[in-house]
Amino acid sequence: MSVLKVQNLSHTYGGNTPFYSDAVSNVSFTVEQGEMIGIIGHTGSGKSTLVQHLNGILKPTEGEIFIDEENIWERPKEIRKIRSKVGLVFQYPEYQLFEETVFADIAFGPKNMGLMGDELKKRVLDTCRLIGVKDEYLEKSPFDLSGGEKRRVAIAGVMAMRPKIIVFDEPTAGLDPKGRQDIIKIINDYRTAYNATVIIISHSMEDMAVMADKLIVMSKGEVVMLDKTEKVFAQGDRLRSIGLNVPIVTRVFDALRQKGISVPDDVFTVERAVEALKQIKAGDRNA
Amino acid sequence: MSNIIEIKNVTYNYIEDEVEYTAVDNVSLDIKRGSFTVILGHNGSGKSTLAKMMNGLNKPTAGDIVVDGINTKDEETELLVKRKVGMVFQNPDNQLVASIVEEDVAFGPENLGLEPQLIRKRVDEALESVGMAEFKDSTPHHLSGGQKQRIAIAGMIAMRPECLILDEPTAMLDPKGRAEIITTIEHLNKQGMTVVLITHYMEEAQNADRVLVMNDGKFIADGTPKEIFKNVSMLKSVGLDVPQTTELLYELNQNGISVPTDVLSIEETANAIAAFLEEK
């Protein structure tokens with residue numbers, strides 16, 4: 001049973017105006033519980049528009065979205081309920097912090113879901129522990145935190161609702177390398193702790209190679225590729241034709257192949273590259 | 001080559017909640033005319049504070065910064081310093097002021113009180129040099145992030161600064177936008193502009209003349225890109241990352257495969273690996 005099913009989804013902005021444009025056209029895919037899906041595509045390819053449909057922020061112009069086999073727009077008045085199942089972390093989520101304390105900000109979502117008292121407190125504290133926000137921060141104003149900390153608190157606010165599907169729109173944009181690694185760790189930890197389904201929009205092919213089980217490749221509002229990560233990255237020419245590329249380590253292996261050296265074509269991470277080169281050298285010695 | 005900027009024993013302290021912090025700690029650096037310098041460092045390492053001192057936006061708590069012979073502390077020449085050193089920041093949306101591209105680029109020269117014909121000439125040349133001439137009549141908010149950032153750079157160039165300081169100009173851009181900006185910066189430098197680029201993306205430093213690594217308000221490394229990138233463990237220890245090519249060569253060495261670590265490009269890396277595979 002798929003946890004998420006998107007069927008023939010299209011979204012048009014500014015219908016009946018001169019600014020009419022198709023942001024997403026006829027997109028279909030399914031996601032299983034616990035999968036990590038990456039969405040790649042250059043700016044303006046429709047990625048953000050697509051994910052904003054997944055928790056009902058945008059309503060499809062055409063097509064349906066099913067969460068746990070239930071059409072989320074069947075009862076439009078209850079669309080808010082879907083947000084406790086599907087959490088969406090926007091780009092630069094730290095700009096959306098608004099409460100007086102870190103605690104209140106993280107508690108906002110679960111409180112709206114009806115959690116109160118000790119249960120609410122426990123939920124907030126558990127979430128803080130998961131993402132590494134120290135207890136002493138809870139009574140601080142979120143505006144006194146550093147950029148990276150603010151982002152973690154904003155993500156905690158979504159994670160505190162314990163969504164079974166959590167969607168991130170470029171979660172590491174604008175952060176330094178350490179900050180990026182912290183966020184990736186939090187995402188992995190949440191997924192492991194709650195067997196959550198994770199959908200992540202990213203510009204980093206290197207990050208996606210390590211993290212994603214499957215990739216959805218978007219171009220001009222359409223899904224042009226949807227496959228296991230290794231199968232997508234095996235099609236470098238096709239990715240380049242839509243302004244994307246394969247991870248740098250893959251490009252090094254492509255360059256080796258062009259020199260007439262026989263190397264495997266499934267190398268997308270540094271770890272795999274080291275392993276492959278060791279094997280080749282060992283094979284040489286045995287030959 | 002003469003120095004366009006001289007940073008002499010500069011310290012910058014700031015006070016927050018009645019506690020004094022040191023953002024830049026007794027730093028000295030000379031920026032040579034026409035050079036391309038990259039300052040690397042994680043958030044909070046002091047690199048932005050230092051950048052803002054180079055065009056007088058921040059004044060040193062101790063020490064001196066001299067721009068083309070003028071001390072930035074001298075209030076009478078403050079505007080002159082800002083004219084000599086142009087700054088470009090992270091978020092392109094915060095730097096654009098007009099609703100038409102060419103008007104935005106003209107904003108600076110207009111404020112300099114130049115003749116209309118001269119403004120026209122400078123705007124056209126500036127847009128040309130960042131590869132945005134064909135967009136002169138466009139609306140900035142319809143452009144991509146990389147294009148907007150190039151307009152911001154053009155706005156600075158139109159003021160004819162001696163030196164351009166860019167503080168994480170690519171942090172909010174996608175890979176295509178980042179490539180556009182780096183190409184633009186390298187092009188401007190080749191035409192003679194002194195460039196100081198502040199970033200935490202190592203690969204953007206590849207073609208720099210000089211790379212400095214900043215941590216806790218101090219420079220902890222100074223050298224050519226190849227010299228700096230060789231030191232993977234040092235870079236990682238201060239929360240920085242290395243290009244995946246460097247990472248691969250580093251990991252190969254860690255695994256007993258001896259390959260040179262002072263190469264950067266994909267081609268050079270492939271050559272290094274090919275040489276290793278051919279060894280018997």
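Read the figures in this text as sums done on the coordinates, not as results from a lab. None of the values given here were measured: they were computed from a predicted structure. Please note: Cβ atoms are built from the backbone with ideal geometry, for glycine as well, and neighbour counts cover all protein chains shown.
For the stretch A:247-287, what does the relative contact order come out to in percent, with C-alpha contacts under 8 Å and a separation of six or more? The value is 36 percent. 3J(HN,Hα) along the stretch B:4-10, derived from phi through the Karplus expression 6.51 cos²θ - 1.76 cosθ + 1.60 where θ = phi - 60°, amounts to 8, 10, 10, 9, 10, 6, 8 Hz, with x in place of Gly and Pro.
As a length-normalised measure over Cα pairs under 8 Å and 6 or more apart, the relative contact order of chain A settles at 21 percent. Amide H contacts of A:VAL167 (H built 1.01 Å from N, in plane; Pro and chain starts excluded): A:GLY87, A:LEU88, A:VAL89, A:ILE199 sit under 5 Å, all sequence-distant by 5 or more or on other chains. Counts of other chain beta carbons within 10 angstrom of each beta carbon in peptide B:36-48 average 2.
Say the cut-off is 27 Å between C-alpha atoms; which of A:LYS122/B:LYS236; B:LYS136/B:LYS190; A:LYS140/B:LYS8; A:LYS77/A:LYS121; A:LYS150/B:LYS52 go over it? Write down the numbers at each step before the final one.
Numbers: A:LYS122/B:LYS236 35 Å; B:LYS136/B:LYS190 24 Å; A:LYS140/B:LYS8 38 Å; A:LYS77/A:LYS121 29 Å; A:LYS150/B:LYS52 24 Å.
Listed pairs above 27 Å: A:LYS122/B:LYS236; A:LYS140/B:LYS8; A:LYS77/A:LYS121.
Which of A:PRO60, A:PRO171, A:PRO18 moves most in a GNM of chain A, Cα contacts under 10 Å? Sorting by GNM fluctuation, first place goes to A:PRO18. With 26 Å as the limit on Cα-Cα distance, the pairs of B:LYS73/B:LYS148; A:LYS47/A:LYS164; A:LYS220/A:LYS259; B:LYS82/B:LYS230; B:LYS47/B:LYS226 that go past it are B:LYS73/B:LYS148; A:LYS220/A:LYS259; B:LYS82/B:LYS230. The loop-placed trypsin sites (Lys or Arg not before Pro) in the stretch B:1-110, going by DSSP, that have at most 16 neighbouring Cβ atoms within 10 Å of their Cβ come out as B:ARG33, B:LYS73.
I need the chymotrypsin sites (Phe, Trp or Tyr not before Pro) found in the stretch A:1-57, filtered to DSSP loop residues with at most 12 other beta carbons within 10 Å of theirs. Please list the in-between numbers first.
On the way: sites: A:TYR13, A:PHE19, A:TYR20, A:PHE29; in loops: A:PHE19, A:TYR20.
Hits after loop and neighbour filter: A:PHE19, A:TYR20.
Each residue of the stretch B:24-41 was assigned a 3J(HN,Hα) from its phi angle through the Karplus expression (A = 6.51, B = -1.76, C = 1.60, θ = phi - 60°), giving 10, 10, 6, 9, 10, 6, 10, 9, 7, 4, x, 8, 10, 10, 10, 10, 9, x Hz with x at Gly and Pro.
The stretch B:23-53 and the stretch A:1-64 have Cα centres separated by 43 Å. Under the definition of Cα pairs under 8 Å and six or more residues apart, what whole-number percent is the relative contact order of the stretch B:3-242? Over the stretch B:3-242, the number comes to 26 percent.
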